[in-house]
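Presented below is the structure to which this report refers.
The values are calculated or read from the model by the stated rules, or taken from the named source; none is laboratory data. Keep in mind it's a predicted model, so treat the numbers as computed, not measured. Positions of Cβ are generated from backbone atoms using ideal geometry, with glycine treated the same way; all protein chains shown enter the neighbour counts.
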Amino acid sequence: MLSNIYSKSHVTASDALLAQASNIVYRRFLPFLDRTFSEPDKGVLNMYALLSATTMDIVTCYIFGLKAGSNLIDDSQQLAWFLDVYNSRRSFTFWPQEFPRLCAFVEKWLNYRLTPKWVDEANGEIEEWTAKMCDAAGAVVIAGTTDVQDRPVVYLQLQQSMAKQLVKGDALNKAIASEVLDHLAAGFDTSGITLTYVVHELSQHPDVQARLQREILGLSPRLVPSSAPQLPNPKAVDNLPFLHAVIWETLRLHSAIPGPQPRFTPPQGCHLGPEQALYYVPGGVRVSASAGLLHLNEDVFERANEWRPERWLDMDKLGDEKRKDMESRWFWAFGRSVAFVEAKMSHLPCAAAAVCASGAIWQCTVRSRSSFF
């Protein structure tokens, strides 16, 4: 239903996404940085909040169009509200996610909730916020907008697909809102965390920072305000080897979802483990592996505890088996193919900041949530 519009080829060729990214970079992100460096407390900003706002704006504008999507970069109050509501639920996902039937049983028969009621209320607030953007996107479609940046790419695809399944009226709107709710979390959360770690690591490695800046300076047009509304060709950004290495290494060492990624074995069962010590696991058994542990395998990633982007350069010089180990067998960054494309696209504003501020952004004081560092 949606795989094509989230494919790498579609994302990098999307005229709507390019127009939306241009607006977000030149009319929101760069002016925000300019204001930051002109305030009394110069250069002090919460990078996690800013990058979360940027990734959310990119995601929602791609889903709903620029007119109907969020503008968290410019709306500090709504950004603070959203991050507070969204992150307040993090410590209460275990029971409803792992034992939903037990939660229902305990609440029904023992009149006791394993998660506070306000968690449901917080979820409801986010759902209502999403539904409002769905309604706004629907209004744009009805009005027949001709502005490419206002085109709700994902919303339109969902609307057309579900209409073919004879879903209509309020049921259609609810079905779309329910579907895109997952897209918001998967799109902004992991990318915002990953990009925050990118900035953190660059601030600790000035040599890597300088090398990345030199590579970014080679883009055409340069990512400076005077280039508006033109952005570099997404394919040119995608072909920057050191940017690729920086993001890939960050995904490895700082996986946004480092914990277990559970799956159920197929009905016929399967064999798991290395070839020399395979284990047969019956069907219907829940198994899991943690990216945070897999990515620290010293046999695959030399000096695995260190952030070393250069390990991802010149991969063509490695043997086939070693490369497979590094890029697929032992690399389990959550949704790595989609997340990587989006992370690169979301990194455009950060690249612009690095160029425009001549490195000042990486030297500023970065206030981050202690849970991340």
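Remarks
- For the range 81-96, the condition holds for at least one residue, the condition being that it is in contact with a helix residue (DSSP H, G or I) (Cβ under 6 Å, 6 or more places away or on another chain) and in contact (Cβ under 8 Å) with a residue 40 or more places away in the chain.
- Filtering the range 1-48 to residues that are in contact with a Lys or Arg (Cβ under 9 Å, 6 or more places away or on another chain) and either in a helix (DSSP H, G or I) or of a type in the set (D, E, K, R) (or both) leaves 12, 13, 15, 16, 19, 20, 36, 47, 48.
- Flag if residue 140 is part of a helix (DSSP H, G or I), in contact with a Lys or Arg (Cβ under 7 Å, 6 or more places away or on another chain) and closer than 22 Å to residue 72 by Cβ: yes
- Selected residue (only one of 14, 52 is in contact with a Leu (Cβ under 9 Å, 6 or more places away or on another chain), in contact (Cβ under 8 Å) with a residue 12 or more places away in the chain and of a type in the set (Ser, Thr, Tyr)): 52
- Among residues of the range 148-193, those that are farther than 17 Å from residue 58 by Cα and among the acidic types (Asp, Glu), counted: 2
- Qualifying residue in the range 148-170 (condition: modelled with pLDDT of 90 or more, among the charged types (D, E, K, R) and touching a Gly at 6+ places or on another chain (Cβ under 7 Å)): yes
- Selection count where residues are part of a helix (DSSP H, G or I), under 21 Å from residue 205 (Cβ atoms) and among the basic types (Lys, Arg), scope the range 285-331: 1
- Exactly one residue out of 216, 176 is part of a helix (DSSP H, G or I), over 21 Å from residue 79 (Cβ atoms) and either without any contact (Cβ under 8 Å) to a residue 24 or more places away in the chain or touching a Cys at 6+ places or on another chain (Cβ under 9 Å) (or both), and it is 176.
- Residue selected from the range 1-33 under the condition farther than 13 Å from residue 231 by Cβ and of a type in the set (S, T, N, Q), by the criterion surrounded by the most Cβ atoms within 10 Å (Cβ to Cβ): 7
- Filter result (surrounded by fewer than 15 Cβ atoms within 10 Å (Cβ to Cβ) and in a loop (DSSP other than H, G, I, E, B)) within the range 115-131: 116
- In the set (1) at pLDDT below 90; (2) touching a helix residue (DSSP H, G or I) at 6+ places or on another chain (Cβ under 8 Å), the condition left unmet by residue 311 is number (1).
- Once the range 219-256 is narrowed to residues that are buried (at least 18 other Cβ atoms within 10 Å of the Cβ) and outside any helix (DSSP H, G or I), the residue that is nearest to the chain's Cα centre (by Cα) is 256.
- A Cβ distance below 9 Å, combined with a sequence gap of six or more or placement on separate chains, defines the contacts here; from the range 288-301, residues that are of a type outside the set (A, V, I, L, M, F, W, C) reach residues that are not in a loop (DSSP other than H, G, I, E, B) in the pairs 288/260; 288/263; 290/260; 295/251; 295/252; 295/253; 297/325; 299/325.
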